[in-house]
1. Of all residues being at pLDDT 95 or above and among the small types (Gly, Ala, Ser) in the range 78-97, which is least open to solvent (accessible area, probe 1.4 Å)? Just the residue, please.
2. Which residue pairs have Cβ atoms under 7 Å apart, sit 6 or more places apart or on different chains, and have a first residue in the range 18-38 that is at positive phi and a second that is in a loop (DSSP other than H, G, I, E, B)?
3. Of a type in the set (Lys, Arg), at pLDDT 95 or above and exposed (fewer than 13 other Cβ atoms within 10 Å of the Cβ) - does that describe any residue in the range 56-70?
4. Here is a check on your reading of the model: is residue 212 polar (S, T, N, Q), surrounded by fewer than 15 Cβ atoms within 10 Å (Cβ to Cβ) and in contact (Cβ under 8 Å) with a residue 12 or more places away in the chain?
5. For the range 43-63, give me the residue count where each residue is part of a helix (DSSP H, G or I) and free of Cβ contacts under 8 Å to residues at least 40 places away in the same chain.
6. Going residue by residue through the range 18-29, is there one that turns out to be of a type in the set (A, V, I, L, M, F, W, C), open to solvent by 30 Å² or more (accessible area, probe 1.4 Å) and in a loop (DSSP other than H, G, I, E, B)?
7. Looking only at residues in the range 158-189 that are open to solvent by 50 Å² or more (accessible area, probe 1.4 Å) and assigned to a strand (DSSP E or B), which one is nearest to residue 42 (Cα to Cα)?
Amino acid sequence: MKKIFYLLFFVSISSFSQEIALLKYSGGGDWYANPTSLPNLIRFCNSNINTRIKAKPSTVEPGNPDLLSYPFVHMTGHGNVVFSDADVTNLRNYLTAGGFLHIDDNYGMDQYIRKEIKKIFPNNNLVEIPANHPIFQKPFPFPNGLPKIHEHDGTRPQAFGIFVENKLVLLYTYECDLGDGWEDPEVHNDPANVRDKALKMGANIINYIFTN
């Protein structure tokens, strides 16, 4: 499985075309929230950190074998999430074979997603990622860690992760709402500096994946 993933990833890199995907999950949550976020992040990364990601992200279901074709998969929404046994197995295989899942709580997902993450990694706890982790260091410095993009419950933004062999494979961003900050300006009327922070943090995530 690991060799298959790395082969697919190598073909992607060698053809100078990378592709990322949005996770279409079950359970009733709005997996399709923030439709302009990933295209905007892709555009920002291609312009600022020399990636060559296809302009239109794909959509992939967690149980689909095609999941292993994508070095980065993004997941967002507000509500319920349910992973089937087949989803859990495929996601675990994907993440342990070199894939990366970014889960961005769009507000209301937290109580559901933590249980589903535990199904994927029953022996691994989500741990808070410290501000000195490389994902916050380059190419754009965030000395205080995850930036605050949207206010929800008046609490600080937190980045949690699952590590496999000391490598971050799953990133869960909470009380932050990066995806909202990636959307078109008129969607949330965020100030330019807030959108800039969100896009730069997103670029750091993409950079971490392609350089680690």
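1. In this case the residue turns out to be 97.
2. Once the first residue is at positive phi and sits in the range 18-38, its partners that are in a loop (DSSP other than H, G, I, E, B) give 27/80; 27/81; 28/79; 28/80; 34/106; 34/183.
3. yes
4. Against the criterion (polar (S, T, N, Q), surrounded by fewer than 15 Cβ atoms within 10 Å (Cβ to Cβ) and in contact (Cβ under 8 Å) with a residue 12 or more places away in the chain), residue 212 qualifies.
5. 3
6. No, the conditions are met nowhere in the range 18-29.
7. Filtering the range 158-189 for residues that are open to solvent by 50 Å² or more (accessible area, probe 1.4 Å) and assigned to a strand (DSSP E or B), the one nearest to residue 42 (Cα to Cα) comes out as 167.
The values are calculated or read from the model by the stated rules, or taken from the named source; none is laboratory data. Here the structure is a predicted model, which is why all the values come from computation and not from measurement. In this analysis, Cβ positions are derived from the backbone assuming ideal geometry, glycine residues included, and neighbour counts consider all displayed protein chains. When the accessible area is computed, the model is the full protein with side chains, heavy atoms only, and any ligands, DNA or RNA have been set aside. Shrake-Rupley method; radii C 1.70, N 1.55, O 1.52, S 1.80 Å.
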